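Values in this text are rule-based calculations from the coordinates and carry no lab data. None of these values were measured; they are calculated from a predicted model. Glycine gets a Cβ as well: all are built from the backbone with ideal geometry, and neighbour counts include every protein chain shown.
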Amino acid sequence: MSLNLLDLSYELVTSLHSDKSKTIESIHVPPSGLPMELRLDQPFGLALRPDDPGQRGQVPGQREQQLQQELLALKHKQQVQRQVLIAEFQRQHEQLSRQHEAQLQEHVKHQQDLLALKHQQELLEHQRKMERHRHEQEMEKQQREQKLLLLKNKERGQESAVASTEVKMRLQEFVLNKKKALAQRSLNHCMSTDPRYWKTQHSSLDQSSPPQTGMSTYNHTILGMYDPKDDFPLRKTASEPNLKLRSRLKQKVTERRSSPLLRRKEGPITTAKKRSLDMAGKLLAYNSHPEMHVQAHCLCTSAVVQQVIILFTVVSVFPCVSGLGGMALQSPSIHKLRGQHRPLGRTQSAPLPQNAQALQQLVVQQQHQQFLEKHKQQFQQQQLHINKVCVYQALTTPAVEPAATTQPHIGLVYDTLMQKHQCMCGNTNTHPEHAGRIQSIWSRLQETGLRTKCECIRGRKATLEELQTVHSEAHVLLYGTNPLRQKLDSKLHIINLFVDSDTIWNEVHSSSAARLAVGSVLELVFKVTSGELKNGFAVVRPPGHHAEESTPMGFCYFNSVAIAAKLLQQRLNVSKILIVDWDVHHGNGTQQAFYSDPNVLYLSLHRYDDGNFFPGSGAPDEVGAGAGLGFNVNMAFTGGLDPPMGDAEYLAAFRTVVMPIANQFAPDVVLVSSGFDAVEGHASPLGGYRLTAKCFGYLTRQLMGLAGGRLVLALEGGHDLTAICDASEACVSALLGIELDPIPGEVMQQRPNSNAVRSLEKVLEAHGEYWPCLQRGASTLGYSLSEACRCETEEAETVTAMASLSVANKQRRVYGLK
């Protein structure tokens, strides 16, 4: 071996003994830009020559030792050179990092400056508009003053060709008031002047007559107490055309009223009126059903309305009876009318008219007064009878209980604007998170009729301040705004936005869609928490549970559920919030947001595979930090797809981990990151598990027993259209309280696989000290659902029997029995 080593190192020893300084100088540090081989396992190009005179006199052992020393020296020099290179690399890396950070800060500062400049420009533009508007108003005011001054200074004999602006305004106001008065009188067209004021309005019978229209010159209240002190007769200015017209009308009225046809018209009207009121009284008198009190009251009111209609019919048939409009009509709630009208007569000292027409008019007025007195007495008697019947019914009929308060509805939120967030290539195979996901779910809810049973609420865009409750300001400005993105990206092209190949970005619509998804979830969550809605389902995209404070990933930009939980704490002071994440991928962003918060319990069921499945986080031993220890629960399934997890495994996890911890936590509201990529139909990179869609309906039904039913599901992952539509239908049916199909017998009898049992054991080991409730189900981890139910039933029966025995023994001790 020594001879072989000497042969291989002959040239190296020769060069070292000949000129050591040259050997040292030959080992130099290459430039930093050139690659250098740092491995030590390569053979050296030097060898010892056997005929070297410097080696002839040495013993082979000494030469071997000397050779070893030289080799060690070379290794030491190479290590020193390697350390120098590493130090240089670290220095340059730190320098590049500082440059990158400075450029990023400059980018953010530049964007803030642009926004501030834009805001300042808007303020200046607004000030200029206000100044221009104020200047225009001043100019207009000066012009009006000049016109008014010219009008005031014109000569008396000079006529104005055009009316001034003030005159036009006054005329318009006058016309509008006239129209309003006419409209008001048209509503009360059956009201007319009280006949008792006919004798005081005019000085002679020739100039006085009842108004020939159905309108009242003084608006009386139709239903109410009648007080003659509140009425003041209006003085009418006589004019020649009006007097002639009134004389012709009085003549026609006299001819009609003197006809025998009047009595034939009056008779049937009075009879019909009596018959209608008598029938109403009989119906009220014989009404004894407890639920007919409201009907009786309505019938009393309808009888009075019918009486009013009959009297108004008389007014329309006989114009001279228009004075009846001055008499106030009472509802059944009013017990009496005011005193009767004073007899119609003349009180002024004007001489009586001597013509026959005036005498006929006087006779007509007397007949009209008698008609009013007669019908008024009948009306008072019928009113008293109706009031007595209504009072009797009110005393004898039990009060109708008010209708039960309607339960709040189930809320749905959806907006087509979120469909515009998509890649311009339109390839849904390359981009599985596409617009067809939410469109298919919404169509399924419409086809099944579930949407019509829910209340659809309008979403909104989340504000930048709301987004910053979870995300950094730079992240919000970068992905929440888009007007200046193109200019900024062109200037800062060296900055990597860290959006992976799957997380696409549409410059026009992505920011709006992402903010709309967050705002829609916020609207639904706040309505459910405040009690306006019972629960709800948010059909939104893009998803959010992977988005971290400053990093978008996994199709996510803003963490909708985390933002909703933060705002519930800040605005509504909600003390306990439960977030359940059953997406097959771990919600790393949600875990990061509440990792040290004891008021938010984050509980995730996901595929973990010892960190080999995206995103690689969510280990069982990630239990929280600080005050939040124990409030981050990761039900991390391991074992890959041999076999894949299914309904039995998820139901076992809910039975032994999720529901015991949730019940002990007792949340005020439950938020669900509802991803459906664990449903059968998703390939291994996107899921790979074999859950049925109906299983998520069962899980939803269990969560509805928490927080008084205040439950909100927000769509996260899931990319097989049939699977996510079926799962969404099952969840909405459960939220509506629709009876679900029973769990299949094979699922009830199936035990969770060994990988799932080991995963459950790891969770119990990590959280046993924080949640004592987990110890109860530790012995039944491997049980099927039917076996667990049977075990719980037997345990409950045993507890009941023990309780009855203890009660019996206590009674024996009380009564002194053995």
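Couple of notes before you dig in:
- In this calculation the C-beta distance from residue 169 to residue 571 is compared with R0 = 60 Å, giving a FRET efficiency of 0.75.
- Most to least packed among 170-180, 766-776 [average Cβ atoms within 10 Å]: 766-776, 170-180
- When each of the peptides 454-462, 83-91 is scored by the mean number of other C-beta atoms lying within 10 Å of its residues, the order from highest to lowest reads 454-462, 83-91.
- Packing-based ranking, highest mean first, of 68-75, 516-523, 747-754 given that Cβ atoms within 10 Å are counted: 516-523, 747-754, 68-75
- Residue-span extension gain [residue 374 to residue 148] - 0.36 nm each, minus C-alpha spacing: 75.2 nm
- Cα gyration tensor category, rounded, prolate or oblate, for the stretch 410-783 with a/c compared to 1.5: rounded
- Taking other Cβ atoms within 10 Å as a rough exposure proxy, 740, 721, 699 sort from fewest to most as 740, 721, 699.
- Computed E for residue 178/residue 530 - FRET, C-beta separation, R0 45 angstrom, nearest 0.05: 0.35
- Under the Karplus curve 6.51 cos²θ - 1.76 cosθ + 1.60, θ = phi - 60°, whole-Hz ³J(HN,Hα) for the stretch 531-542, x wherever Gly or Pro sits: x, 5, 10, 7, 7, x, 9, 9, 8, 10, 7, x
- Rounded to whole numbers, the Karplus 3J(HN,Hα) couplings from phi for the stretch 715-723 are 5, 10, x, x, 10, 7, 4, 5, 5 Hz, using 6.51 cos²θ - 1.76 cosθ + 1.60 with θ = phi - 60°, and x at Gly and Pro.
- Spin-label model, residue 446/residue 131: points 7 Å from Cα along the beta carbon direction are separated by 5.3 nm.
- Among 440, 510, a tally of other beta-carbon atoms within 10 Å of each Cβ gives an order, fewest to most, of 440, 510.
- Look at 119, 434 and count the other Cβ atoms within 10 Å of each Cβ; fewest to most, that gives 119, 434.
- Treating r as the C-beta distance of residue 115 and residue 684 and R0 as 45 Å, the FRET efficiency rounds to 0.50.
- Interchain or long-range residues, amide H under 5 Å from residue 409's placed H: 534
- Per-residue HN-Hα couplings for the stretch 75-84 [Karplus 6.51, -1.76, 1.60; θ = phi - 60°; Hz; x = Gly/Pro]: 4, 4, 5, 5, 5, 4, 5, 5, 4, 5
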